[in-house]
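The structure under discussion appears below in the form of structure tokens.
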């Protein structure tokens, strides 16, 4: 166990263990650090314990979780909460999704389509509308502009330099395209309709178990919003790994639509958003700010690979007629 893990585990004392045992109704055998959380082994199973400072969210998600399961969506781990501070999710042995593998991306699209279809028009009251998809896109672009102007990370600036102007132009063009239609109003309507979204479809938030069944995990960012934003995020993350091969994207969208067909305005919004270099923005901003999960040794090579794929991505964004 390294120093960071020792510090993380140090905060778990006898009081927490007793609290978890009462919540689980089972005796705890071991507690180990696990991806900034704790892996709890009991006499009859394993659980991932996560602390939160958002009791309102725990109570909201408890209602959503119960409702979407009753509607038939079962591909999320069973979980327990004290409704105040702790959530314990059943640990699923398996591997994370790999967006470089076409099958994983398509499989994820199918599960996401089902999640969206069964998560439309939920009865669980909204917790807080928060910012919608369009507002978050605007903020991401403005944050990237501020990062470029500060130039506080020479290593990142060196990677971005060949495409920096093009990246700024792409972001500006997308914001201009979004301004020509009242997308913000559509997003607020989707929030008011209680349409469920995940909002963090990184590959590590999918687990493939030993029999190949896919599970969607980690709902800390979930809320009500326009659902095509989730599909955009999945495709954007996946297609950078797939070198923007059109046939793969078409297959992923078609698989999603077998579960949850897109409306015309969602297809148009998806077409616009796929021209937004969100992956590059996010990685560059994370490195520039020094966020702990973005490290030079791990993130910079990924950012370099993204920049290398800009020549494949940019022409593709101009010929998305299949989405219209």
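The values are calculated or read from the model by the stated rules, or taken from the named source; none is laboratory data. Treat the numbers as computed from the prediction; the structure is a model and nothing was measured. With ideal geometry, Cβ positions are generated from the backbone for all residues, glycine too; neighbour counts draw on all protein chains shown.
Results, tabulated for the structure shown:
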item	result
Sole residue being buried (at least 20 other Cβ atoms within 10 Å of the Cβ), in contact (Cβ under 8 Å) with a residue 12 or more places away in the chain and touching a strand residue (DSSP E or B) at 6+ places or on another chain (Cβ under 6 Å), chosen from 242, 227	227
Subset tally (residues that are part of a loop (DSSP other than H, G, I, E, B), touching a residue at least 24 places away in the same chain (Cβ under 8 Å) and farther than 27 Å from residue 297 by Cβ) for region 157-180	0
Filter pass, residue 268 being assigned to a helix (DSSP H, G or I) and at pLDDT below 95	yes
Criterion (assigned by TED's automatic domain parsing to the domain that holds residue 221 and either modelled with pLDDT of 95 or more or more than 24 Å from residue 245 (Cα to Cα) (or both)) met by exactly one of 76, 80, 122	122
Condition met for residue 56 (within 25 Å of the chain's Cα centre (by Cα), surrounded by fewer than 15 Cβ atoms within 10 Å (Cβ to Cβ), in contact (Cβ under 8 Å) with a residue 40 or more places away in the chain and in a loop (DSSP other than H, G, I, E, B))	no
Selection count, region 215-260, where residues are within 21 Å of residue 190 (Cβ to Cβ) and part of a helix (DSSP H, G or I)	13
Count of region 273-304 residues which are surrounded by fewer than 19 Cβ atoms within 10 Å (Cβ to Cβ), assigned to a helix (DSSP H, G or I) and without any contact (Cβ under 8 Å) to a residue 40 or more places away in the chain	6
Residue satisfying all of: in region 149-187; buried (at least 17 other Cβ atoms within 10 Å of the Cβ) and more than 16 Å from residue 273 (Cβ to Cβ); modelled with the lowest pLDDT among these	153
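Residues are listed down the side, and each one gets a yes or a no for (1) part of a helix (DSSP H, G or I); (2) touching a residue at least 40 places away in the same chain (Cβ under 8 Å); (3) within 20 Å of the chain's Cα centre (by Cα):
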position	(1), (2), (3)
73	no, yes, yes
87	no, no, yes
98	no, yes, yes
112	yes, yes, yes
120	no, yes, yes
127	no, yes, yes
134	yes, yes, yes
155	yes, yes, no
